[in-house]
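Single-structure report; data block below.
The values are calculated or read from the model by the stated rules, or taken from the named source; none is laboratory data. Every value quoted in this text rests on a predicted model; they were computed, and no experiment measured them. Please note: Cβ atoms are built from the backbone with ideal geometry, for glycine as well, and neighbour counts cover all protein chains shown. Remember, those area values only see protein heavy atoms, side chains included, never the ligands or the DNA or RNA. Shrake-Rupley method; radii C 1.70, N 1.55, O 1.52, S 1.80 Å.
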Amino acid sequence: PGPINRRLRRRAPELLLQPVGRGVRQTMFRRSKSRSESRHDVQTEARLRNHREQEEKRLEEAEAEKQLQQKAEKLAISEPKLSSGSRPHTQARSAFPFYPARAVVADEKVPWAVKWPDYSPTTFTAPHVLANDSTVKPGGWADPVDPTSVDWPCRASYEGPIAFDGHQQPLNPRGRTGMSQRGYLGKWGANHAADPIV
């Protein structure tokens, strides 16, 4: 290092004045080219990584959408219809002392088969039902607030297949009642009961 440095220092002015040789130019070009290629490789790698991340995110969203669609298809079994000759229910549309006022539903608008885009039922679930949510309160007897968390394939109704509205809430198989949600009932859908007679 010592003698070579001294020689280079002595020859520095000459080297600066001498034209750069072809070999040196090629070496310098190769070095600058390799630096440029290295920068290009880093940028390409970053672009590829970004593309991969976006593709993975898109696939995850598509899979989540597919699972949601499958869940909705499982829940939407069929639309309930009144059996031929049966009359629209009246008791389920009448006032109840502890319920808020229901939306008025005319006889001809009761069946779900009748289109009624402006139908806006009163929503009501009693506070004591919400307080006994079995997923929140140990020993609670009521279904959770979200009806999609109910195991619907294990539930049945003597009225026929269970159908659901756009919010995945089960529909009354007898038609519109002017009210949605559970009222004083703990279960979504059918609430089976046995009344012993002594």
- Query: In whole percent, how big is the carbon plus sulfur part of the accessible area of segment 92-135, probe 1.4 Å, protein atoms only?
  - Reply: 61 percent
- Query: Which of the aspartates and glutamates could a cross-linker bridge to residue 137, judged by Cα under 18 Å and excluding same-chain residues fewer than eight apart?
  - Reply: 146
- Only loop residues by DSSP count here, and only those with at most 16 other Cβ atoms within 10 Å; note down the chymotrypsin sites (Phe, Trp or Tyr not before Pro) in segment 153-192 that meet that. 158, 184
- Cα-projected label distance for residue 141 with residue 165, points at 7 Å along beta-carbon direction, nm: 2.6 nm
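Counting heavy atoms of the protein chains only and a 1.4 Å probe, report the per residue accessible area for segment 115-198 as a whole number of Å². Display every interim value, and only then the final one.
Working: 5250 Å² over 84 residues.
Roughly 62 Å² per residue, with all protein chains present.
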- Query: By how many nm would the segment from residue 48 to residue 67 grow when fully extended, if each residue of separation counts as 0.36 nm and the alpha-carbon distance is taken off?
  - Reply: 4.0 nm
